[in-house]
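Notes follow the structure.
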Amino acid sequence: MNEVKQQVFRLVCQQCTEQGATPERIHDLGGVATLAFCSPFYDGNGRRHQHDTNRLTYDFRCSNGHQFSQMIPHTCWCGWVQEI
Ligand SMILES: [Zn+2]
Ligand SMILES: [Zn+2]
């Protein structure tokens, strides 16, 4: 079993961070993805993986009224996280 580097992606509002504030919520306003086809595959144990390398950019608005765009990495159940 290969060791998988576990990363946890956390979405933060940069403007709140600069002000030392924490927004109560960050709303997802929808996103756009690049359209490279990335086919899923099955590992030797027959488990399905999808390591999608399309770039997904979402717009967000935090509860303090800041709006920003952020690239969101794709993840797979195995612990794979897209590098962004
Ligand atoms: Zn904010
Ligand atoms: Zn995987």
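The values are calculated or read from the model by the stated rules, or taken from the named source; none is laboratory data. Just so it is clear, the model here is predicted, and its values are computed rather than measured. Cβ placement follows ideal geometry from the backbone for every residue including glycine, while neighbour counts extend to all protein chains displayed.
Worth a mention:
- Subset of the range 26-84 [small (Gly, Ala, Ser), assigned to a loop (DSSP other than H, G, I, E, B) and within 17 Å of VAL12 (Cα to Cα)]: SER63, GLY65
- The range 15-41, subset within 20 Å of VAL81 (Cβ to Cβ) and at pLDDT 85 or above, residue surrounded by the fewest Cβ atoms within 10 Å (Cβ to Cβ): SER39
- Residue count for the range 56-77, restricted to those that are within 9 Å of the chain's Cα centre (by Cα) and among the charged types (D, E, K, R): 0
- Condition check for ASP52: over 17 Å from VAL81 (Cα atoms), surrounded by 10 or more Cβ atoms within 10 Å (Cβ to Cβ) and acidic (Asp, Glu): no
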